[in-house]
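Notes follow once the structure below has been shown.
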Amino acid sequence: MSLVVALHSTAPAVGAGLGWGLLAVLFCSAVPYVVIWWGVRRGRLTDHHIGVREQRRGPLAWGMVSVLAGLATLVALGAPRPLVAMVVVMSAVLLVVSAVNQTWKLSAHAAVAAGSAAVLVVVFGPALLALVGLVGLVGWSRVRLADHTPAQVLAGAVAGAAVATPAFVLLA
């Protein structure tokens, strides 16, 4: 998402878009992934899905710190406004998912998929409403893998779209 929004925001300057997008990916995806990978490797987390509720707080907090550090860096360096808005959307979705996941296992995958689809529809128009099918596939996979119930997937998708759409529209 960050790369797509950054490239779209800086077109036709592909190099600038890649640079901004990769910076956002570093803070919003790579660092949080490494935190989880490191926790699994050291035995502090049972798996990369963080299925044990008591293990979620630390990685979610570190993920939020990384996203907020990325947001501060992007703003300080003058990143394109839609990319900054995208990172705010990621922060907001992460905050909602983190809060809910302290007591219930809302599907973060469904939340991110639905939030991403919503932003892409805002950026590129209603032709991308077809992405709703991909959100459905993500949800189906989470249920099929027995990682979530249908209610957890539906709640995640609704939360992701409900948070992402207004936040992106207001900030972009």
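Pairs of Cα atoms under 8 Å, at least six residues apart: use those to get the relative contact order of segment 60-118, whole percent.
Numbers: 25 pairs, mean separation 19.6, N = 59.
The value is 33 percent.
Ranked by the mean number of other Cβ atoms within 10 Å per residue, highest first, peptides 30-40, 100-110, 7-17 order as 100-110, 30-40, 7-17.
Per residue, how large is the accessible surface of the chain? Use a 1.4 angstrom probe and give square angstrom.
52
Where only DSSP H runs of four or more residues are counted, the chain gives -24000 deg cm²/dmol as its mean residue ellipticity at 222 nm, each run worth -39500 (n - 2.57).
Only helices at least 27 Å long along their axis, Cα-based, and averaging 1.0 or more on Kyte-Doolittle count here, so list those DSSP H runs from the chain.
Working: long enough: 57-77 (30 Å, 1.48); 81-100 (28 Å, 2.33); 150-171 (31 Å, 1.69).
Counting only whole DSSP H runs, the qualifying helices are 57-77, 81-100, 150-171.
Computed with every protein chain present, the accessible area of PHE27 is close to 40 Å² [probe 1.4 Å]. Using the Cβ-Cβ distance between ALA61 and TRP140 with R0 set to 22 Å, the FRET efficiency from 1/(1 + (r/R0)^6) comes to roughly 0.15. Protein-only accessible surface at a 1.4 angstrom probe places the residues VAL143, VAL93 in the order VAL143, VAL93, largest first. If you take the square roots of the eigenvalues of the alpha-carbon gyration tensor of segment 18-98 and sort them as a ≥ b ≥ c, do you get rounded (a/c under 1.5), prolate (a/b over b/c) or oblate? Prolate is the answer for segment 18-98, as a/c is 1.5 or above and a/b outweighs b/c. Here segment 80-172 has 79 percent of its accessible surface on carbon and sulfur atoms, given a 1.4 Å probe and all protein chains in place.
Taking the chain, how much of its Cα-Cα pair set, in percent, is spaced more than 24 angstrom apart? All intermediate terms of the calculation are to be shown ahead of the outcome.
Numbers: 5258 of 14706 pairs.
Percentage above 24 Å: 36.
For Cα pairs less than 8 Å apart in space and 6+ apart in sequence, what is the mean separation divided by the residue count of segment 8-128, i.e. the relative contact order in percent? Don't jump to the answer; show the numbers that get you there.
Working: 89 pairs, mean separation 29.7, N = 121.
Contact order relative to length: 25 percent.
Specify whether the C-alpha gyration tensor of segment 74-167 places it in the rounded, prolate or oblate class, a ≥ b ≥ c being the square roots of the eigenvalues: rounded for a/c under 1.5, otherwise prolate if a/b is larger than b/c and oblate if not. Taking the square roots of the gyration eigenvalues as a ≥ b ≥ c, segment 74-167 is oblate.
The values are calculated or read from the model by the stated rules, or taken from the named source; none is laboratory data. These numbers come from a predicted model, not from an experiment. Quick reminder, even Gly has a Cβ in these numbers, built from the backbone with ideal geometry, and neighbours come from all protein chains shown. Ligands, DNA and RNA are stripped out before the accessible areas are found, and what is left, the full protein with its side chains, is counted by its heavy atoms. Shrake-Rupley method; radii C 1.70, N 1.55, O 1.52, S 1.80 Å.
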